[in-house]
Amino acid sequence: MFRGRTTDIYLVSGLALLSSASASGVESVRCRLQGTPRSPAFSQDGDFVVGGVFSIHNYMHTVDHSYTSLPEPLQCTGSLDSRELRFSRALVFAVEEINNSSYLLPGVTLGYQVHDSCSSVPMAVKVTFQLANGLDPMFDTGEQCSGSATVTAIVGESGSTPTISMLRIIGPFGIPQVSHFSTCACLSDKKQYPTFFRTIPSDQFQAAALAHLIRHFGWTWIGAVRSDSDYGNNGMAAFLQAAQEEGICVEYSEAFYRTNPVSRVQRVADVIRSSTARVVVAFAAIGDMRILLRELDRLPSPPRQWIGSETWVTDPDMLRFGLCAGAIGFGIQRSVIPGLRDFLLDLSPQKVSNSPLFTEFWEGAFGCRLGIGTSSTGVGVEEKVCDGSEDIQQLQVPYTDTSQLRVTNMVYKAVYAIAHAIHSIVCEERENSTVKCDKSLHVLERLRRVNFSRNGYQVSFDANGDPVATYELVNWQIGESGKMEFVTVGLYDASLPPDQRLDMEREITWVKNSTQVPVSVCSESCPPGTRKAVQKGKPVCCYDCIQCAEGEISNNTDCLICPKEYWPNAERDRCILKPVEFLSFHEVLGIILTTCSVGGACLAIATATVFYRHRTSAIVRANNSELSFLLLFSLTLCFLCSLTFIGRPSEWSCMLRHTAFGITFVLCISCVLGKTIVVLMAFRATLPGSNAMKWFGPPQQRLTVVSFTFVQALICTLWLVLSPPFPIKNLTTYKEKIILECDVGSAIGFWAVLGYIGLLALLCFVLAFLARKLPDNFNEAKFITFSMLIFCAVWITFIPAYVSSPGKFTVAVEIFAIITSSFGLFFLLFVPKCFIILFRPEKNTKKHLMEKTANDIRY
């Protein structure tokens, strides 16, 4: 049991209580630690002791317990990790630097106890108890085995799982633990781990950064492997969640641990070899990753682009695996610690001989044994003896490599954070700028408020005990010397907005020394005009491409319907405005119709001119010259009104085109009807005793034309007032374009106008038909009959053609009907007369008109 400076701590198990009488007769308690204490790798006394736990060895020797004797002491086995040895020496360096400082903890000394956890939970738990209880196998106390805590704070561990185990022991007693390499996001839970801090960012940030990186390069189909530990499982869980949010699919996710059977590791390697994903994300500890890469290196494997977590992707020892050339991953920013290299290389023969760790390191690094003579191994091979010529300055191992100080700086910052926390408690600034320190403290609360800068790096903790997450993007590249090396190619800052976090600084060398970004997708991108259809039983990144329906565009995942006035472009990747179509003056059809319309109007005017110049001639006077001129004027308007149907529809043009058409045609038909009635009345006037002509003289003719036209004008006025025509965008006739046309407004008004024209035309046709047997030379009834027959035929065929014609051809049909019917009236009623006036003047006499031909006898 032990007692902290502010809290009594009772660790009951593992202790034996022995009582004896003191010299004063007061009973005291002697407490004895159970088990064999494990000596620290490095230690030094001080006013405040900082503990350190590092995974300097990779394995712990396991023993089968017989339960008939005391268990053997725990032993580390496996190779020595010189990188972790450098971490532990960085702690010693930082403590000595602080002790030599005049501004930080002046007059107060820091001590340290550094232990090797063997990368195992049992050993981490054991050394944690030792850091708390001390190393004395037995001590006397009068307070029931309560003792002072040996350490003020602990730096470590390098792995998340051992760290969690340590926190379960020291957490309830308020002993802070600052980790340099435990990145599991679970450790940010202050309810479970209230005394935990770290100088390395949480895997929550790294997982988000890795997902962002993968999405940045367009990889949507990846494989994932992880350590089967708290670090690997929690880190991969955070990554998979971030990957899902980024739309990334995982083909497989395999877990393994370095103590698993070889078959397990082989199975993971086989999954990687047989997978279709070319990108592999590895959230694994160094020891686990080393075993997996050895297995993959054993047999030929397809090239894979490796994406590594910080734990292994910046470990120099991993560079020997050529199959990972081109690997990228996020690493802690590189730093410079002045004086550290000289401290690391300051290994005198005495220091090496006095430290089992240094002895093991020296012998392993130089391949010799310290001692006199030779020692024979179990296989009869004599080992080389170190002769003193070994030069550590020339040694190329992770321990001596200070060019990539990343995690080492995290150890350095952790020690300084503890020192600053102690300083803020025990030291007081005086008015004369001096500092006075006492030696009573409680570090935990002050550690939460630490905020300082060292060697250009800021150190502070948030509410979860985490630092600000900043990473370097590290790429494994083959240097000019032909050796693999780490190259920083970008930076990632989690404090920036998402689109600004990743900053690429230089080109990346990919797998197989390629400069082309590898492609890793389950299905190729769908071409424009298609959408993704997820394949049954497979992730969303595996899909088939299905053609989008007409009028839809694709956004790689789905088809989107374009708005009403838009249509897909040729690539079907965006909507563009539909082209607008109407009968224009500039197109061929519009030019032809305009020419016919203007030509007809010119012919009518020319005919009127001829009639005017020969107005005193017999044929002009005999055919009611007043009605003839009015008819020519109305025909001119009929030809010209067709022009209002050409061009972009507007409110005024829509109202004008139909009303002008209706009124001018009624005026035209009224004139023809008047001429027909005149013929009939003239014939009746020649009968004995008839005075019919006096009832249909010029005044009556004018009144007839005005009356019929007024009715049509009244219909058009009511139509315009109640529901006039208006321009519309026809979006239904053609899906890919917009037809600008005029809506008739009131269908009743439209068909009333046409019906009234048809009624007058039919009446005119009937009257002309009745007058067809009158003598040819003085009446034009037969021409009127034929003209009305053509007129009715045109407008009867117009109705189905108008209804069935699409788009601008509807307008063209209407213009064609107007022009055709106008030409029919003009040619049949005026061309024969003009021919006689111009080319047969001998027939343009009253005598010729009054005489009967032989053909008239049959009538």
Under 14 Å from residue 729, Cα to Cα: aspartates and glutamates that are on another chain or at least 8 residues apart: 565, 581, 651, 741, 743
Packing-based order for 632-639, 186-193, using average beta carbon neighbours within 10 Å, highest first: 632-639, 186-193
Sequence-separation-based contact order of the range 530-577, relative, with Cα cut under 8 Å and 6+ spacing, percent: 30
Share antiparallel - DSSP beta bridges, the chain, percent rounded to 5: 60
Span-like helix ranges in the chain, DSSP H, alpha carbon extent 27 angstrom or more, Kyte mean at least -0.5: 407-426, 588-613, 651-685, 698-722, 747-770, 781-804, 808-839
Cα gyration tensor shape for the range 215-315, rounded if a/c is under 1.5, else prolate or oblate: oblate
Listed residue (834, 274, 170) projecting farthest to the positive dipole end of the chain, Cβ model: 834
222 nm mean residue ellipticity, helices alone, for the chain (DSSP H n ≥ 4; -39,500 (n - 2.57); rounded to 500): -13000 deg cm²/dmol
Calculated from backbone phi, Karplus (6.51, -1.76, 1.60) coupling profile of the range 246-254 in Hz, x at Gly/Pro: 8, x, 9, 9, 10, 6, 8, 9, 10
Amide H partners (placed H, <5 Å) of residue 305, local residues excluded: 279, 280
Of the trypsin sites (Lys or Arg not before Pro) in the range 524-578, those whose Cβ has at most 10 other Cβ within 10 Å and which sit in DSSP loop: 536
Pairwise FRET efficiency - residue 191 versus residue 301, Cβ, R0 = 25 Å, nearest 0.05: 0.05
Per-residue Cβ neighbour rank within 10 angstrom, fewest leading, 510, 719: 510, 719
Loop-located GluC sites (Glu not before Pro) in the range 567-660 whose Cβ has at most 11 other Cβ within 10 Å (DSSP): 571
Rounded to the nearest 20 debye, dipole of the range 468-535 from Cβ charges on Lys, Arg, Asp, Glu: 400
Stretchable slack from residue 577 to residue 69, in nm (0.36 nm times residue separation minus alpha-carbon distance): 173.9 nm
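Beyond 44 Å, what share of the Cα-Cα pairs of the chain remains, rounded to the nearest whole percent?
Tail of the P(r) past 44 Å holds 56 percent of the pairs.
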Residue-span extension gain [residue 336 to residue 62] - 0.36 nm each, minus C-alpha spacing: 94.7 nm
Sequence of 731, 74 once ranked by neighbouring C-beta atoms within 10 Å, starting from the fewest: 731, 74
Cα lying deepest toward the dipole's positive end in the chain, options 666, 537, 619, charges on Cβ: 619
The range 530-577 - charge dipole about Cα centre, Lys and Arg +1 at Cβ, Asp and Glu -1, debye rounded to 20: 240
Length released on extending from residue 555 to residue 514, taking residue separation times 0.36 nm less the Cα-Cα span: 11.7 nm
Debye log10 I(q)/I(0) for the range 530-577, one point scatterer per Cα, at q = 0.14, 0.32 Å⁻¹: -0.36, -1.11
Cα→Cβ-extended label distance, 7 Å offset, between residue 403 and residue 499, nm: 3.9
Note, ³J(HN,Hα) from phi for the range 336-342, Karplus 6.51, -1.76, 1.60, rounded to Hz, x at Gly and Pro: 10, 10, x, x, 5, 4, 4
Packing-based exposure ordering (other Cβ within 10 Å, fewest first) of 726, 129: 726, 129
Relative contact order %, the chain, counting alpha carbon pairs below 8 Å whose residues are six or more apart: 9
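Restricting things to Cα coordinates, could you compute the convex hull volume per residue of the range 464-553 in Å³?
Here the figure is 221 Å³ per residue.
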Label-reachable residues, the range 214-235, where backbone N falls under 15 Å from a point 7 Å from residue 270's Cα toward its Cβ: none
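Would you please give the FRET efficiency between residue 702 and residue 546, computed as 1/(1 + (r/R0)^6) with r the Cβ-Cβ distance and R0 = 60 Å, to the nearest 0.05?
With a Förster radius of 60 Å, E is 0.25.
Only the coordinates and a few stated rules stand behind these numbers; no lab work does. What you are looking at is a predicted structure, and each value in this text was computed from that prediction instead of being measured. Glycine also receives a Cβ, built like all others from the backbone with ideal geometry; neighbour counts cover every protein chain displayed.
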